[in-house]
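Colleague: Can you read through this structure? Questions will come right after.
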Amino acid sequence: MSMNMNMKFEPKIMAFVCQWCTYTGADLAGTSRMQYSPYVKIIKLPCTGRIDVQFIVKAFEEGADGVIVSGCHPGDCHYTSGNYYARRRFEMFHELMSFVGVDMRRIQFAWVSAAEGRKWAELVNEVSKRVEELGPFNVFHALREQANELNP
Ligand code: FES
């Protein structure tokens, strides 16, 4: 196998997924041998309703170029309406991120059930393609360095 000769940008995508639905859906995509981007790192959560915006910020700080948050469909969440809260929180996060200048095309919020292996594969491919076009996410790292200088 030759090394990466063409130096193609390989976007790092972090996916925060609910263990009940999307995690199983992603597993199904794998076992069904559906082709999807290998650049995604899956982080399993008990429920996306529990996701904190800090997780997403941290993902970018750790070098992610894109983030996916995916849980159960509305009504299927195991913790009553946890994912409705996730959605609300996500809207707030949108405003916050836009305020600090983060391109929202780097973040994708979705619902993928345990049976939707194909939807998962398509989602990952779509986000990877979009992030690949946007290029590496260096702006956020620069912002972070600036913040550290102001608050040593
Ligand atoms: Fe899946 Fe809440 S249990 S989103």
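Colleague: Have a look at A15, A26, A59 and point out the one that is touching a helix residue (DSSP H, G or I) at 6+ places or on another chain (Cβ under 7 Å), among the hydrophobic types (A, V, I, L, M, F, W, C) and in contact (Cβ under 8 Å) with a residue 24 or more places away in the chain.
Modeller: A26
Colleague: Name the residue that is modelled with the lowest pLDDT, counting only residues in the range 73-111 that are near the ligand (Cβ under 10 Å from one of its atoms) and in contact with a helix residue (DSSP H, G or I) (Cβ under 7 Å, 6 or more places away or on another chain).
Modeller: Checking each candidate, the answer is G82.
Colleague: Considering the range 24-52 alone, what residues qualify as being farther than 13 Å from R118 by Cβ, more than 10 Å from the ligand (Cβ to nearest atom) and of a type in the set (S, T, Y)?
Modeller: Once the filter is applied, which keeps residues that are farther than 13 Å from R118 by Cβ, more than 10 Å from the ligand (Cβ to nearest atom) and of a type in the set (S, T, Y), the range 24-52 yields T24, S37, Y39.
Colleague: Six or more apart or on different chains, Cβ atoms under 9 Å: show the pairs whose first residue is in the range 91-118 and within 16 Å of P74 (Cα to Cα) and of a type in the set (S, T, Y) and whose second is assigned to a loop (DSSP other than H, G, I, E, B) and modelled with pLDDT under 85.
Modeller: Close Cβ pairs (under 9 Å, with a partner that is assigned to a loop (DSSP other than H, G, I, E, B) and modelled with pLDDT under 85) amount to S113/D76.
Colleague: Also, quick follow-up: How do the strands (runs of 3 or more DSSP E) wholly within the range 25-134 filter down when requiring 3 or more residues that are under 19 Å from M14 (Cα atoms) and among the β-branched types (V, I, T): which remain?
Modeller: Because the criterion is at least 3 residues that are under 19 Å from M14 (Cα atoms) and among the β-branched types (V, I, T), the strands (runs of 3 or more DSSP E) in the range 25-134 that meet it are 40-45, 66-71.
The values are calculated or read from the model by the stated rules, or taken from the named source; none is laboratory data. Model, not experiment: these values are computed from the prediction. Glycine also receives a Cβ, built like all others from the backbone with ideal geometry; neighbour counts cover every protein chain displayed.
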